[in-house]
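Enquirer: Next up is a structure, given as structure tokens.
The values are calculated or read from the model by the stated rules, or taken from the named source; none is laboratory data. The structure presented is a predicted model; accordingly, all values stated were derived computationally and were not measured. Here the Cβ is made from the backbone with ideal geometry for all residues, glycine too, and neighbour counts use every protein chain on show.
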């Protein structure tokens, strides 16, 4: 409870004080720590695959992979592409415990989702943060997806639970693996807790970055098999397609 209170105080202090832009270090002149110039130049995800949010050259398109082999989730929502400086902000949030940066990015995600709800995207019944392997949770001390889910729940007024999804075994870090190895790595890595009740519900998975989609596919398939009627993925950023070698 004490660490929860400390986290709340740090975030509130960050959000309600005079801000310095976290990118250029000039006065932000906004109610959050980004100046207008830096905010405009962020890698906003404008045109993307309607299913997996892969950055594409034009609006209303579906990528080749999703056209021929769609994943078990229904839609991926992310405000940014995962490139500079968003990759740096995410890293500082995850690895340096700079939690206010996570809150700053969640605010942008909440605004993007609110806009999409207004355009007809259905609101989920429950937010489900992606669970972290126990070993990495001990090393890092917190699950970044859990923090994102908690803050997003407050913003959207949608309940969340960190109890439904469990890691049934520890796996190698996904960042070190290619796309096929990521899928193999996550085989039978997740399970549902006894308290989970996905049947008939619309659920949204919460994670920081969507890369190959292996984690989202594994969890969405698990929830669908248990009766979920829709599974979406909410994340801070979507990794672009790798440049040709």
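Enquirer: Out of all the residues in the stretch 124-145, which are without any contact (Cβ under 8 Å) to a residue 60 or more places away in the chain and either in a helix (DSSP H, G or I) or farther than 16 Å from residue 95 by Cβ (or both)?
Expert: 131, 134, 135, 136, 137, 138, 139, 140
Enquirer: Can I ask one more? Can you tell me how many residues in the stretch 74-106 are part of a helix (DSSP H, G or I) and closer than 17 Å to residue 205 by Cα?
Expert: Count: 3.
Enquirer: Being touching a helix residue (DSSP H, G or I) at 6+ places or on another chain (Cβ under 8 Å), assigned by TED's automatic domain parsing to the domain that holds residue 210, surrounded by 19 or more Cβ atoms within 10 Å (Cβ to Cβ) and at pLDDT 95 or above is the requirement here; does residue 127 meet it?
Expert: Yes, satisfied.
Enquirer: Are there any pairs with C-beta distances below 6 angstrom linking a residue in the stretch 213-230 that is over 15 Å from residue 125 (Cα atoms) to a residue that is in a helix (DSSP H, G or I), with the two at least 6 apart or on different chains, and if so which?
Expert: Pairs that qualify, where the first residue is over 15 Å from residue 125 (Cα atoms) and the partner is in a helix (DSSP H, G or I), are 214/182; 214/183.
Enquirer: If you don't mind, another one. Within the stretch 37-47, is there a residue that is touching a residue at least 60 places away in the same chain (Cβ under 8 Å), within 22 Å of residue 231 (Cα to Cα) and touching a strand residue (DSSP E or B) at 6+ places or on another chain (Cβ under 9 Å)?
Expert: yes
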